[in-house]
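Presented below is the structure to which this report refers.
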Amino acid sequence: MILFSVKTLKIIFLILLLITSTITIAQSSNQKSKTDQDYPEVSLINTEKRTFHSNIIKNDFELHISLPFSYSASDTTYPVLFSLDANVKFAMVSTIVNNLGTLTKEIPEIVVVGIAYPLKGLEDWVIGRNRDLTPTKVAETEEYWIKRLSRLTGRNDIDVTTGGADNFIAFIQDELIPFIELNYRVSTTDRTLHGTSLGGLFTLYTLLKSPEIFNRYFASSPSIDWDESFMFQLENDFALSHKDLPVKLFMCVGGLESEYYLTNTKKMDELLSSRNYPNFKIETHVFENETHGTTVSASMGRGLKILFNK
């Protein structure tokens, strides 16, 4: 019989405890990995994801497509809504569109085309939207995001550019819309553009640069403050050269947003309304107690019903 001192027994006990704990942690880790693999990610019904290369922008895009529930059983042609920032907003937009179009029948059934970016990380969405949704080059914004994203991600390949909105309009008009009309049963005369924040800025920019592309425009919390008074000068130039603006516009802002969002949105509403374009319809709404982060969801149903029912 081998005898151990109390001190030796304590050491043996601690070693056994450490071994047991290590095995338990490893088993728990293996079980977690197995569990993670057993449960697939949540998907959205009646949706498709396609990769689309733009020769104009020389980049790939992801298209997130949501089809009406009746699509496969019909030969109907549907209105189409192009929604920006689809990497973070597509699920919300497509769900609300389908709820209102199919379940409660408050708007027509609509095909949703979400424009998204292939991502290594969420920083690539920030890079893409700064490039595509801004109408002019602002060096200070580029420097700010390069420093911030490089610091947050540790990546040394961060390059932020601005001022690519004209190329993005050309991409939508000359490449994306023809592709969607070729591959899906969508109307060629009933298109809506939806964007929020910088996407709202781009929506208004498209309205004033190429209004004929879309019939309906939905600008949520638009960043009209971009590059100081640029958008107001653009609106004035448009008014001097146009006698009509035959589209519908829904514009909104949250009551708790920064003062420049509130002030600029109200000013743009007043300017556009004062032009008295004979075929222009505009409705602007301030959503009280909503912030820049919550106005987009608060406004989605209201905006769609106004655009499609008035």
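Just so it is clear, none of the values below were taken in a lab; they were calculated from the coordinates. Because the structure is a prediction, the values reported are computed rather than measured. Every residue, glycine among them, receives a Cβ derived from its backbone with ideal geometry; neighbour counts consider all protein chains shown.
Take the cross-link list Lys243/Lys281; Lys49/Lys147; Lys58/Lys137; Lys209/Lys243; Lys248/Lys305; Lys89/Lys266 and give me the ones stretching past 21 Å between alpha-carbons. Distance filter (> 21 Å) returns Lys49/Lys147; Lys89/Lys266. Each principal axis of the range 156-289 carries a Cα extent, and these read 52, 43, 32 Å when sorted largest first. Remark on the chain: ratio of C-alpha radius of gyration to 2.2 N^0.38 Å is 1.32. Label-to-label distance for Phe232 and Lys147 is 2.8 nm, based on points extended 7 Å past Cα in the beta-carbon direction. In loop segments of the range 209-302 as defined by DSSP, the trypsin sites (Lys or Arg not before Pro) with at most 11 further C-beta atoms inside 10 Å of their C-beta are Lys243. Only the Cβ atoms of Lys and Arg (+1) and of Asp and Glu (-1) were treated as charged; on that basis the dipole of the range 47-309 about its Cα centre amounts to roughly 420 debye. About its Cα centre, the dipole of the range 125-261 is roughly 420 debye, where the only charges are +1 on Lys and Arg Cβ and -1 on Asp and Glu Cβ.
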